[in-house]
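Written below as structure tokens is the structure these notes are about.
What follows draws every value from the coordinates through simple rules; no lab data is involved. What you are looking at is a predicted structure, and each value in this text was computed from that prediction instead of being measured. Don't worry about glycine lacking a Cβ; one is built from the backbone with ideal geometry, like all the others, and counts go over all protein chains shown.
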Amino acid sequence: MSLRERIGSSVALLAGDKQADRAVPPTGFTARLTVFTSAAMAFLAVFVLALSLTAGRVADRWTEQLAQTSTLRISAPDGQIDAQVRAALRVLETTPGVAGARALSDEEQRALLAPWFGPDLPVESLPIPRLIEITETDGGYDTTGLRARLQAEVPGALLDDHARWRAPLVKAAERLRALGFAAVILIAGATAAMITLAAQAALAANAQVIRVMRLVGAKDSYIAGAFVRRFTLRAFFGSTVGVAVSGVAVWLLPELDVAGGILEGIGLSGAEWLWIAAIPILASVVAFAATRAAALRTLGRHS
């Protein structure tokens, strides 16, 4: 099909044909079913995309942060721990690839342990290991060499380069994205199935009108075009309503200070809003294909 023919078909789809439109009921349960199904599925698709994109974005941010930091844990008798902390800091200051290192204060360690032991944990009086936060340069440092130096100069030091934490986060982000897009495909399939049922019901309910149109010379493609137009526009309208409602709901999700940190980052940002803007178009394409296939198949059986 040439570009001119495609443009003509699109214009015809939007403009419609009054004679052919008489074969399609403008109201009724099939119209309500199509609009409701499209709106509900679009609503779900927005939340699925928002959750999957957010989970992937948060995992990427955590992975990036973990990739640039390491933690040094020092366990030693109470009288030696301060000396070992100072020795560890001297080693880190002379290590290539280490941009900075600092020992966490009692307040910072108390904040780290607060989710498990409460905010009033007496850190200063407990034999808790001291933590040193290490910030790496872009090139990073030699992990094996640093561990060897620490073993020789700071016996109570244990280096954690966060490698064991990064791999599960990357894998989880990839799986969440895959599950999100798989869910969108399932939603599209369910939408196509419901619209197909609605189109078949409309065709069956208007069998007499279709028979008369055939008697006066109307072709099946002409009759099917009326169903395709009506159901495509209904799907577009319903999905637009669903996207608008869910978009507002996502935008109004509580912020960090309201949710206590649990919902940090949930939502859409920047170019990610283009994903939900494409949902009505996707719903229209699904409705177009499903209705056309159902109409031609049903009309072919009763020709």
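Things to note:
- Segment R147..D120, full-extension length gain: 6.3 nm, with 0.36 nm per residue of separation and the alpha-carbon distance subtracted.
- Note that region 177-187 has calculated 3J(HN,Hα) couplings of 5, 4, 5, x, 6, 5, 5, 4, 5, 5, 4 Hz, one per residue in order, obtained from phi through the Karplus relation 6.51 cos²θ - 1.76 cosθ + 1.60 (θ = phi - 60°); glycine and proline are x.
- The order of the peptides 201-211, 224-234, 283-293 by mean Cβ neighbours within 10 Å, most packed first, is 224-234, 283-293, 201-211.
- Average projected area [Cα convex hull, region 76-155], square nanometres: 5.9 nm²
- FRET efficiency estimate (nearest 0.05) - Cβ-Cβ, V285 to S221, R0 25 angstrom: 0.85
- Amide H contacts under 5 Å for A99: T135, E136, T137, restricted to partners 5 or more places along the chain or on a different chain, H placed in the peptide plane at 1.01 Å from N.
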